Each structure stands twice: as C-alpha cells, then as structure tokens.
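Colleague: This is the structure I want to talk about, given as structure tokens.
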Amino acid sequence: MLKFSIFAPLILPLGCLSGAEPQPLTFQIIHGLPEGFATSTALAVSGDGRVVAGRSSTDSQTEEAFIWTADEGISSPHAIASSAGSSSLVALSADGSQGVVSRFSEAAGSVWSSTDGLDDLLPLPSFGFSFSNGFDISSDGGRVVGQSSTQSGVHAALWTPGALTVDLGTLPIGSGDLSSTGYAISGDGTIAVGACTAGSNTVAFKWTDDTMTSLGDLPGGDMRSAATGISADGSVIVGWGTDFDGSTGVVFHPGWPEPVGDLDGGETDSQLLDVTADGSMAVGYGTDDSGRQAVIWDPAHGLRRISELLADAGMDLAAWSLTEAVAISDDGDVLVGNGIAPGGTANGWVVRGWSSLIAGGGQAAVIDPVVVRVNVRLAEGLRLGSEMIATVTAEGDSIPVTMTGPMSGGPITRLFYLSRGSTYTFRASLGNWVGLPETTLTLDESTSVDLVLDLDSDGDGLGDTAEEDEYGTDPDLADTDGDGFDDGFEVGAGLSPTDPGEPAEGEPAIDMETPEAISIRFYAAAGVDYEVQSSTDLSHWQALEEVVAGEGRLVELEIVGESPEKRFFRLLRSPGS
C-alpha cells in the first residue's frame with residue numbers, strides 16, 4: 001500500500017501573521033448528509049479556507065460527494081448527486097467553485113463547477129478498457145492532474161480545458177510493468193508531481209516543461225517514495241520516502257530527500273498530507289503508542305499533535321479522537337481532518353483561527369463543540385404507517401444540521417455536535433407528526449433533548465395524545481381556556497392551560513438595574529394591543545414605545561435613558577387592529 005506524506009522546507013518562521021487581528025479559535029464537526037448515516041470524510045479545503053469537500057455515506061449504501069461551509073453546513077452539489085454511483089470530491093480550486101470528482105462506478109473522473117456542472121476528464125487513447133481519475137486541481141481550476149489508461153499502461157495525465165489530454169510519461173526505474181500517477185499540481189498549474197512504479201519499486205517524480213525527472217528516495221529499505229504535495233509556485237515539493245525504520249515524510253531537495261521524522265512511540269509511520277501556499281506549515285498524521293494522531297508540522301517545532309495544541313488553548317476535546325489532518329488553507333488559518341466523535345461515528349472536522357493560535361497573543365474566543373443527544377419516540381398509542389423515516393433538525397445561530405433515522409425499530413437517538421455558546425431549536429417530524437415539545441437551548445454544556453412524535457391538530461405545540469391524557473386540554477382548540485395564550489405556551493411557561501386567570505394578562509412587572517436602565521415585562525394576549533406610558537406626576541402621560549400587538553407571549557421592553565427621580569408607568573390595552 002502506498003503511504004503518502006508532505007513535508008515543508010525549513011524556511012519562513014512562524015509568527016508572520018502576528019500582526020493580524022485575533023480570530024476566534026473554533027472546532028466544528030462535519031455531520032453527514034441528512035439522508036445518510038451521520039458520517040463524513042473530509043478530503044480537501046479551498047485555498048481561501050471557505051469550502052470543505054469530501055464524501056459522506058448515504059442510506060442507499062453508497063458514498064456521495066459533499067461540500068461544506070461554515071454558514072450553510074453540508075450539501076451535495078446537484079450535478080454530482082444526480083449522477084449514478086458513489087462519488088468523492090477530492091480537490092478544490094482556490095475559491096472552492098471548482099473541484100475534482102472521483103466517481104467509483106464510472107470510467108472517467110470529472111471536473112465539477114458550481115456554475116457549469118460536471119465535465120468528464122477524457123482518457124488517453126488505449127487498448128480495451130479505458131478510464132481516468134483526477135487527484136488535484138490548480139488554483140484557478142484551469143488544470144487537473146491525475147492518471148489515465150494509455151496504450152502502454154496507466155500513466156500520469158494532465159487535463160486543460162479545450163486542449164488534448166497530456167501523457168506525462170514514466171521513468172525507467174526497474175523491471176515490470178511501468179505506471180505513473182500525478183498526485184499534486186502547483187497553484188499556477190505548470191508543475192506536476194507524483195510517483196512512478198515498476199514491480200515493487202516506486203519513486204517520486206517531478207514533471208515540468210514536458211520533462212519528467214526522478215526525485216529519489218531515502219537511503220535504506222525498499223525503493224519506495226512519492227511526491228504528493230507542492231507549494232503554490234512549485235518551489236517546494238514534498239512527499240514521503242522509505243528507510244530501514246519505515247515510511248516517513250520528506251522534503252525533496254535537489255538530488256536528495258530530507259526526512260521529517262515521526263511522533264515518539266509506535267511504528268514509524270508519519271504522513272503530512274497538505275502544505276500551505278508558502279510551504280511554512282504542513283498537516284497530516286503521526287503514529288505513537290495510541291495509533292494515528294492528527295499533527296501539524298513547522299520547521300521550528302517539528303511534528304506536534306493538533307489535539308494537544310487545541311487543549312493548551314483552552315479547548316475541551318478529551319472525548320474526541322483526531323486521527324488525521326488532511327488539508328490546510330493557503331494562509332494556514334483553516335485545518336481540515338478526520339477523527340472519531342464521542343458517539344463513535346467517523347466524522348470530518350474543521351479548525352478555524354489557527355493563524356491566531358500560532359502567532360501568539362491569544363484568541364478572541366475559544367469555541368469547542370458540545371454534544372446534544374436528541375431522543376425521538378412515538379406518542380403512546382401511535383402506530384407507524386407507510387412512512388417510517390423521522391427527520392431531526394437543529395437550527396440556530398450557527399450551522400444548521402439535519403439528520404434522519406428509521407423509527408421501525410423503536411425510538412431513535414441522534415447526536416448533534418454543536419458550537420458551545422450557540423442557541424439552537426430542535427425539531428423532529430415524520431409525515432404529519434411533529435416532535436414535541438419544540439425545544440430551544442443555549443448550549444453551555446452537553447445535554448439531551450426528548451421529542452415525542454405526535455399529531456398536533458390545533459398547532460399549539462402540544463401533541464393530541466398529551467392534551468387528552470396529560471393536560472386535559474382540547475386537542476382541536478389551541479387556546480382551551482380562551483385567555484389569549486395557546487395551551488403550548490402556558491404549559492411551557494409553567495402556567496395552567498385550563499385556567500383563564502393564568503397568566504395575569506396585562507399586569508406589568510418592572511425591574512430596574514439602574515435609574516437609566518428599566519425593564520418592563522407583561523403577558524400580552526393574542527388579539528390585544530398594548531401601549532406603555534410613563535408619567536412623573538400621574539396627570540401627564542407620554543407613550544414610551546410603539547404599540548405592541550399581543551401574540552400570546554411574554555413581552556419584555558427595555559427603557560434606556562435618563563430617568564427623573566420619580567417615575568410612574570401604566571399599560572393601556574385595546575382590541576387588536
């Protein structure tokens with residue numbers, strides 16, 4: 001099995017971004033596609049760090065390519081999702097608008113464009129079965145490097161829109177069938193790197209100006225090396241080599257590769273899978289006694305565990321296993337990798353704000369994930385019909401997340417990994433049934449939410465079964481006691497939905513932190529308008545706010561400004577307009 005690594009050269013000290021404004025250091029999980037099994041594998045990040053790509057398992061036992069952003073979460077591009085078979089999005093252009101798609105059931109790989117859809121990578125002429133596959137794309141999306149069938153075996157290939165596919169050739173490295181693969185391309189698309197194989201021998205190559213040259217291997221061990229990464233201008237070529245101890249990352253100097261080493265403990269197996277545009281940092285994994293660990297490398301510090309650096313910054317990831325970092329943005333601010341979540345699922349992850357961490361001086365904030373366990377069950381007496389798949393959603397001031405699950409085997413539990421400090425509303429649905437009670441939480445720690453699927457005939461937020469059996473309310477009447485407040489609101493507020501005297505509608509409560517900051521709270525019934533007025537002498541009154549239209553909720557108004565020594569308030573109510 002080929003082992004890959006990336007090693008950056010001993011140049012460009014860290015701290016070059018120390019003058020930048022500190023950004024929040026965040027760790028986010030990439031949940032799987034909604035119709036899948038909550039798993040994801042991250043494979044690439046755009047040069048600007050805004051888009052992440054990879055693959056996610058689906059409920060049809062296939063893998064589907066995805067893109068992910070911090071604003072919109074995960075989705076499968078329509079052009080890829082509508083194509084047959086499994087797919088992965090393995091590389092992205094600098095702005096994330098183009099990428100390389102590997103489709104396992106198809107003979108040709110593709111270039112994906114957010115505007116133009118899919119364009120096949122045409123294979124080179126060959127005898128019999130032909131295929132192509134892409135592995136990397138230039139910054140502007142104009143060139144792709146990978147491999148193609150030819151009349152003399154599988155060769156590294158280069159694709160340019162509107163031009164013939166270029167055969168990059170092979171190297172004479174030994175007996176046996178010769179083959180080659182292009183793994184990476186420079187930002188400007190002029191230099192490609194990869195590996196040639198003949199029998200048991202594999203050696204790294206560089207291709208430029210229509211010429212392929214060998215980059216050599218480490219002394220000792222089998223002849224096995226590959227070039228798998230390259231800086232934006234092509235001046236830094238990185239990869240892996242083999243010595244007597246095992247496989248380790250290297251930087252390919254002219255004529256000789258320099259090893260990067262590994263973590264202490266375990267077998268020798270380190271891989272650095274991506275590098276910044278200037279070659280100053282690389283990410284990947286190392287091996288210790290516990291197995292694979294996601295690492296970051298720089299010339300001043302060598303390999304370091306990403307989990308330890310995040311913990312030192314104040315992030316709680318003790319329950320997580322970060323097994324590899326697969327990509328880094330051009331400026332080194334965004335890291336992307338994979339690992340095992342506390343619930344045991346395999347998920348991609350994204351770290352943002354890394355530049356501030358390495359530059360020193362602290363971050364504006366540290367935002368780590370909390371686990372929300374959402375339990376969904378059917379109300380007593382309900383029986384499943386033809387629809388059996390429940391949808392569970394979390395929507396709030398961070399990334400929206402949707403999951404599904406079959407109810408045929410009984411209650412389901414879905415784990416959401418959401419940003420600490422964010423506010424989310426949790427919902428569930430199955431056909432005409434809704435998950436109750438709809439729950440909104442500000443996430444300060446890991447917690448659980450229980451949702452019961454039931455009919456809600458009157459739309460008051462209480463299930464029909466609970467209204468009849470638990471609360472004694474009318475399942476066909478949203479406001480059983482007719483006081484202007486829905487049954488669901490009253491239950492949620494700890495009030496009686498069958499007592500028209502609760503809540504005490506229109507009676508204001510006043511809180512005063514300071515004479516300049518006054519809070520007025522009152523229950524505003526549906527169908528009633530309210531006007532808050534103030535006076536200093538109980539004779540002359542002045543409206544303080546616009547008329548408040550009651551919606552059957554608690555209203556809180558903040559009165560800010562200079563206040564006289566003595567001040568009175570009153571609340572006028574009138575039929576709603």
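The values are calculated or read from the model by the stated rules, or taken from the named source; none is laboratory data. Bear in mind that the values here come from a model prediction, so they are computed numbers and not experimental data. A quick note on method: Cβ atoms are made from the backbone with ideal geometry, for glycine too, and the neighbour counts reach across all protein chains shown. Note: areas computed on protein heavy atoms with side chains; ligands, DNA, RNA excluded. Shrake-Rupley method; radii C 1.70, N 1.55, O 1.52, S 1.80 Å.
Colleague: Does the range 325-376 come out rounded, prolate or oblate by the C-alpha gyration tensor, with a ≥ b ≥ c the root eigenvalues, rounded set by a/c under 1.5 and, if not, prolate when a/b is larger than b/c and oblate if not? Could the numbers behind the result be given before it?
Modeller: Working: a/c = 3.59, a/b = 1.67, b/c = 2.15.
Oblate, since a/c reaches 1.5 and b/c is not below a/b.
Colleague: So how far apart, in nm, are the two label points at Leu554 and Ser126 if each is 7 Å from Cα heading toward Cβ?
Modeller: 6.8
Colleague: At a probe size of 1.4 Å, how large is the accessible area of Met407, to the nearest 10 Å²?
Modeller: 10
Colleague: Okay, next question. Using 0.36 nm per residue, how much length does the chain from Glu545 to Ala517 gain when fully extended, once their Cα-Cα distance is taken away? Walk me through the intermediate numbers first.
Modeller: Values: separation 28, 0.36 × 28 = 10.08 nm, distance 1.48 nm.
Gain in length upon complete extension: 8.6 nm.
Colleague: Explain nothing, just the number: dipole magnitude of the chain about its Cα centre with +1 on each Lys and Arg Cβ and -1 on each Asp and Glu Cβ, in debye rounded to the nearest 20. All intermediate terms of the calculation are to be shown ahead of the outcome.
Modeller: On the way: 23 positive and 85 negative charges, 588 e Å.
Here the chain has a charge dipole of around 2820 debye.
Colleague: Residue by residue through the range 522-535, which ³J(HN,Hα) values in whole Hz follow from phi under the Karplus form 6.51 cos²θ - 1.76 cosθ + 1.60 (θ = phi - 60°), with glycine and proline marked x?
Modeller: 7, 7, 10, 6, 5, x, 10, 9, 10, 10, 8, 10, 10, 8
Colleague: Return the label of the correct value of Cα extents along the principal axes in Å, as calculated from the structure shown, out of (i) 151, 74, 52; (ii) 100, 60, 49; (iii) 92, 50, 49.
Modeller: Matching entry in (i) 151, 74, 52; (ii) 100, 60, 49; (iii) 92, 50, 49: (ii).
Colleague: Suppose accessible area is computed on protein heavy atoms with a 1.4 Å probe; arrange Glu470, Glu546 from highest to lowest. Show your work: numbers first, answer last.
Modeller: On the way: Glu470 130, Glu546 150 Å².
Ranked from most to least accessible, the order is Glu546, Glu470.
Colleague: Here's a follow-up. So what does Phe489 come to for accessible area, using a 1.4 Å probe and Å² rounded to 10?
Modeller: 40
Colleague: Could you check the spin-label model distance between Asp71 and Ile340? Points 7 Å from the Cα along Cα→Cβ, value in nm.
Modeller: Once both label points are built, they end up 3.7 nm from each other.
Colleague: On to the next question. For the pair Glu470 and Ala81, how long in nm is the line joining their label points, each one 7 Å along Cα→Cβ?
Modeller: Label at Glu470, label at Ala81, 3.4 nm between them.
Colleague: Round to the nearest 0.05 the FRET efficiency obtained for Arg567 and Leu477 when R0 = 41 Å and r is the Cβ-Cβ distance.
Modeller: Values: r = 41 Å, r/R0 = 1.01.
Taking R0 as 41 Å, the efficiency between Arg567 and Leu477 is 0.50.
Colleague: Using only the alpha carbon atoms of the range 392-472, find the Kirkwood hydrodynamic radius as the inverse mean reciprocal pair distance, in angstroms to one decimal. Can you show the working numbers first?
Modeller: Numbers: mean 1/r = 0.0730 Å⁻¹.
Computed over Cα pairs of the range 392-472, the Kirkwood hydrodynamic radius comes out at 13.7 Å.
Colleague: Pop out the ³J(HN,Hα) list for the range 185-198 in order, Karplus 6.51 cos²θ - 1.76 cosθ + 1.60 with θ = phi - 60°, rounded to Hz; leave Gly and Pro as x.
Modeller: Once θ is set to phi - 60°, the couplings for the range 185-198 become 9, 5, x, 8, x, 9, 10, 10, 9, x, 8, 10, 10, 9 Hz.
Colleague: With every protein chain present, what accessible area does Ser200 have (1.4 Å probe, heavy atoms only), rounded to the nearest 10 Å²?
Modeller: 100
Colleague: Taking a spot 7 Å from the Cα of Glu387 along the direction of its beta carbon, which residues of the range 444-471 have an amide N less than 13 Å from it?
Modeller: 453-456
Colleague: Let me ask something else about it. According to the square roots a ≥ b ≥ c of the eigenvalues of the Cα gyration tensor, what is the shape class of the range 182-340, taking rounded for a/c under 1.5, prolate for a/b larger than b/c otherwise, and oblate for the remainder?
Modeller: Details: a/c = 2.35, a/b = 1.43, b/c = 1.64.
Cα axes put the range 182-340 in the oblate bin.
Colleague: A further question follows. Using mean Cβ contacts within 10 Å as the protection proxy, how do 456-469, 254-267 order, highest first? Don't jump to the answer; show the numbers that get you there.
Modeller: Values: 456-469: 19.7, 254-267: 16.1.
Put in order of decreasing packing, that is 456-469, 254-267.
Colleague: Quick one: what are the phi-derived ³J(HN,Hα) couplings along the range 432-446, Karplus 6.51/-1.76/1.60 with θ = phi - 60°, whole Hz, x for glycine and proline?
Modeller: For the range 432-446, the Karplus-derived couplings read 8, 8, 10, x, 10, x, 3, 10, 10, 9, 9, 8, 9, 7, 4 Hz, x marking Gly and Pro.
Colleague: Something else about it: Hey, with R₀ at 35 Å, roughly what FRET efficiency would Asp95 and Ser429 work out to, going by the Cβ-Cβ distance, to 0.05?
Modeller: Working: r = 36 Å, r/R0 = 1.03.
In this case the efficiency is close to 0.45.
Colleague: Continuing with this model, one more query. DSSP loop chymotrypsin sites (Phe, Trp or Tyr not before Pro) in the range 104-181 with at most 12 other Cβ atoms within 10 Å of their Cβ, which ones?
Modeller: Details: sites: Phe104, Trp112, Phe127, Phe129, Phe131, Phe135, Trp159; in loops: Phe104, Phe127, Phe129, Phe131.
Of the chymotrypsin sites (Phe, Trp or Tyr not before Pro), the ones in loops of the range 104-181 whose Cβ has at most 12 other Cβ atoms within 10 Å are Phe104, Phe127, Phe129.
Colleague: Ranked from the most accessible area to the least, with a 1.4 Å probe and all protein chains present, what is the order of Lys206, Lys566? Write down the numbers at each step before the final one.
Modeller: Working: Lys206 60, Lys566 130 Å².
Reading off the accessible areas and sorting them downward yields Lys566, Lys206.
Colleague: On to the next question. Could you list which residues have their amide H under 5 Å from that of Ala184, counting only those 5 or more apart in sequence or on another chain, with H placed in the peptide plane?
Modeller: Close amide H contacts, sequence-distant or interchain: Val193.
Colleague: Counting alpha carbon pairs within less than 8 Å and at least 6 residues apart, what relative contact order, in whole percent, applies to the chain?
Modeller: Values: 1656 pairs, mean separation 64.4, N = 577.
Averaging sequence separation for qualifying contacts and normalising by length gives 11 percent for the chain.
Colleague: Per-residue ellipticity at 222 nm for the chain, helices alone: DSSP H runs ≥ 4 residues times -39500 (n - 2.57), over residue total, nearest 500 deg cm²/dmol? It would help to have the intermediate numbers written out before the result.
Modeller: Values: 4 runs with 23 residues, N = 577.
Helix contribution divided over all residues of the chain: -1000 deg cm²/dmol.
Colleague: Just order 291-301, 177-187 by mean Cβ neighbour count inside 10 Å, highest at the front, would you?
Modeller: Numbers: 291-301: 20.7, 177-187: 22.5.
Descending packing order for the listed peptides: 177-187, 291-301.
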